[in-house]
Amino acid sequence: MKTYTDYIVVNTKKEKEILNITSQVEDIVAKSGVKDGMALVSAMHITASIFVNDEEPGIKQDLLEWAEKVAPDLPDYRHHQTGETNGDAHLKSLLFNHEIIVPITEARLDFGPWQQIFYGEWDGRRNKRIIVKVLGV
Amino acid sequence: MKTYTDYIVVNTKKEKEILNITSQVEDIVAKSGVKDGMALVSAMHITASIFVNDEEPGIKQDLLEWAEKVAPDLPDYRHHQTGETNGDAHLKSLLFNHEIIVPITEARLDFGPWQQIFYGEWDGRRNKRIIVKVLGV
Amino acid sequence: MKTYTDYIVVNTKKEKEILNITSQVEDIVAKSGVKDGMALVSAMHITASIFVNDEEPGIKQDLLEWAEKVAPDLPDYRHHQTGETNGDAHLKSLLFNHEIIVPITEARLDFGPWQQIFYGEWDGRRNKRIIVKVLGV
């Protein structure tokens, strides 16, 4: 059994942004030498998400607007009594999910034609880390 | 270490439908020969979900209605400028989660009494695939 | 390859409550002897969640209020025609996610500085179980 771990660092220009990280995950899977197994792709922060969706500019904008509708950026979260201002980012992290597991078959991501891996940044403009851990044979 | 991969194909009669796929996953776990490990059950589409809930007709209807309330089927998603009409299906896929990992102990799903595995179809009436990948000993 | 499985039993005082279970998961990871791998932490019930967020009293209260806003405790879920009264708990379980996978590197949870593991109880005041299954080397 093989294991392989690597980290992706992102730093978004906008406070809230959706980044396609598929090719970075694919590179790590290739380096791992794992031909059959799984990769965990997980945000190392509680104000970010990892999820699978579609690389299409319209839907990415729809996702950002939906995040705002279901988990709005309001001033009065109790969390803000600590001096923080990112209460909504904690909720958005849960709405879009914190991590994914992706399958690896014949040394490649075993995905359908439209599946792509995204990082959802909900409190950006600073370095954030993503862990990718590959397990398999 | 063993790995085993299989695919389930579904084709729902309705556009939006919740299917219990527990017995199909159990069959694949049995074929895998894995006695202790995990199975990834993941939709290979971005307009579908995999989740754990209860096999009870009322709650399945409640889930469909809740999906519609939180991620409504509206005409004006930006994604629709591409000619697509399934923007809501992308949101519902995230709300209900895209994939699950289930535990295997003594060659069986290590579940509580009410846990069942469901496929949530949000844009159906065509062939869709689910990957089941088993890892363990 | 090693596998190790253990169960955490919780019994909350309140019907809805968020419990930090990080140290219990850490203890199981230590017992497993796994130095590099993953741990599945999964609710064995369909009225509970496992998720990663922040150990801060304000945000935990915000999370409970958000759960109520997006998946409200209403009397008229169809599920209640069975005699049950916990329809909202099934929805909240999905909103906050049913299980997580956490990475293990150098025999420890490979987490960012603020990540903590939480159990979300949506229908408590009785014994509930959480499975922790560790896979790795």
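Take the conditions (1) open to solvent by 30 Å² or more (accessible area, probe 1.4 Å); (2) among the charged types (D, E, K, R); (3) away from chain B (no Cβ under 14 Å); A:Glu106 misses just one of them, which is (3). For segment A:71-84, filtered to residues that are facing another protein chain (nearest Cβ under 7 Å) and in a helix (DSSP H, G or I), the residue that is nearest to the chain's Cα centre (by Cα) is A:His79.
Residues in segment A:106-119 that are in a strand (DSSP E or B) and at positive phi: there are none.
Taken together, A:Gly120, A:Gly124, A:Gly58 contain a single residue that is modelled with pLDDT of 95 or more and either over 17 Å from A:Val10 (Cβ atoms) or β-branched (Val, Ile, Thr) (or both), which is A:Gly58. Kindly establish whether B:Glu55 is more than 26 Å from C:Ile131 (Cβ to Cβ) and either touching a Phe, Trp or Tyr at 6+ places or on another chain (Cβ under 6 Å) or open to solvent by 60 Å² or more (accessible area, probe 1.4 Å) (or both). Judged against the criteria, B:Glu55 is not a match. Answer with yes or no whether A:Tyr119 is among the aromatic types (Phe, Trp, Tyr) and either closer than 16 Å to B:Ala71 by Cβ or more than 17 Å from the chain's Cα centre (by Cα) (or both). Judged against the criteria, A:Tyr119 is not a match.
Just one of (1) of a type outside the set (Ser, Thr, Tyr); (2) within 25 Å of A:Trp66 (Cα to Cα); (3) more than 8 Å from every other protein chain (Cβ to nearest Cβ); (4) part of a strand (DSSP E or B) trips up B:Ile100, so point out which. The failed condition is (3). For segment B:1-26, a residue qualifies if it is within 14 Å of another protein chain (Cβ to nearest Cβ) and within 23 Å of B:Ala89 (Cα to Cα), and the qualifying residues are B:Tyr7, B:Ile8, B:Val9, B:Val10, B:Ile18, B:Asn20, B:Thr22. Taken over segment A:120-133, the criterion of being buried (at least 24 other Cβ atoms within 10 Å of the Cβ) and outside any loop (DSSP other than H, G, I, E, B) is satisfied by A:Gly120, A:Glu121, A:Ile130, A:Val132, A:Lys133.
Looking only at residues in segment B:27-51 that are away from chain A (no Cβ under 14 Å) and more than 25 Å from A:Asn97 (Cβ to Cβ), the one that is least open to solvent (accessible area, probe 1.4 Å) is B:Gly33.
Would you mind stating whether A:Gly87 is within 11 Å of chain C (Cβ to nearest Cβ), at pLDDT 95 or above, buried (at least 17 other Cβ atoms within 10 Å of the Cβ) and closer than 19 Å to B:Met44 by Cβ? No: the conditions fail for A:Gly87. Criterion applied to C:Leu94, C:Leu63 was being open to solvent by less than 30 Å² (accessible area, probe 1.4 Å), facing chain B (nearest Cβ under 10 Å) and in a helix (DSSP H, G or I), and the one residue passing it is C:Leu94.
Cβ separations smaller than 6 Å between residues 6+ apart or across chains give the following pairs from segment B:64-75 residues that are more than 12 Å from B:Gly87 (Cα to Cα) to residues that are of a type in the set (A, V, I, L, M) and surrounded by 18 or more Cβ atoms within 10 Å (Cβ to Cβ): B:Trp66/C:Leu91; B:Val70/B:Leu95. Being open to solvent by 60 Å² or more (accessible area, probe 1.4 Å), assigned to a helix (DSSP H, G or I) and farther than 25 Å from C:Ile28 by Cα is the requirement here; does C:Glu68 meet it? It is true that C:Glu68 is open to solvent by 60 Å² or more (accessible area, probe 1.4 Å), assigned to a helix (DSSP H, G or I) and farther than 25 Å from C:Ile28 by Cα.
The values are calculated or read from the model by the stated rules, or taken from the named source; none is laboratory data. Because the structure is a prediction, the values reported are computed rather than measured. Every residue, glycine as well, gets a Cβ built from its backbone with ideal geometry; the counts of neighbours run over all protein chains shown. To get the accessible areas, we keep the full protein, side chains included, count just its heavy atoms, and leave off ligands, DNA and RNA. Shrake-Rupley method; radii C 1.70, N 1.55, O 1.52, S 1.80 Å.
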